[in-house]
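This report refers to the structure that appears directly beneath it.
The values are calculated or read from the model by the stated rules, or taken from the named source; none is laboratory data. Keep in mind that this is a model prediction, so the values were computed, not measured. Cβ coordinates were reconstructed from backbone atoms using ideal geometry, including for glycine residues, and neighbour counts include every protein chain displayed.
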């Protein structure tokens, strides 16, 4: 089992130590272990969870919604349908945003082609 210090975890997930501490404080990373000196020891599961948080945040999900998803996940299989519904709704928002961005990209490309 690999353990990461906060500096190592920060480097691994490309987030600042401050952000990791903030996520922990906000309940997005509720189970980060600490050693006898109080130093954080991130495990592989924590690293994967942070990656998923980055994915959701990067695609527009709020930290409040991400925390809600994490709380549902922590409740196990009985909350699967609620979790899945959240992800399906989020996927629809992502797909709509992609459609809008593709439209904007075409406009930008048309301007480039004009060479004015």
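Key figures
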quantity: Residues located in segment 25-42, provided they are crowded, with 17+ Cβ neighbours inside 10 Å and within 19 Å of the chain's Cα centre (by Cα); calculated: 28, 29, 32, 42
quantity: Enumeration of residues in segment 15-32 that are more than 12 Å from residue 67 (Cα to Cα) and in contact (Cβ under 8 Å) with a residue 12 or more places away in the chain; calculated: 15, 20, 21, 31, 32
quantity: Index of the failed condition, residue 68 passing every other in (1) surrounded by 15 or more Cβ atoms within 10 Å (Cβ to Cβ); (2) closer than 24 Å to residue 5 by Cβ; calculated: (2)
quantity: Selection from segment 1-24 of residues that are loosely packed, with under 14 Cβ neighbours inside 10 Å and modelled with pLDDT of 95 or more; calculated: 7, 11, 14, 16, 18
quantity: Test: residue in segment 108-115 that is on the phi > 0 side of the Ramachandran plot and not in a helix (DSSP H, G or I); calculated: yes
quantity: Number of the exception - residue 98 against (1) over 23 Å from residue 1 (Cα atoms); (2) surrounded by fewer than 13 Cβ atoms within 10 Å (Cβ to Cβ); (3) under 14 Å from the mean Cα position of the chain (by Cα); calculated: (3)
quantity: Some residue of segment 71-83 being under 15 Å from residue 29 (Cα atoms), touching a helix residue (DSSP H, G or I) at 6+ places or on another chain (Cβ under 7 Å) and surrounded by 12 or more Cβ atoms within 10 Å (Cβ to Cβ); calculated: yes
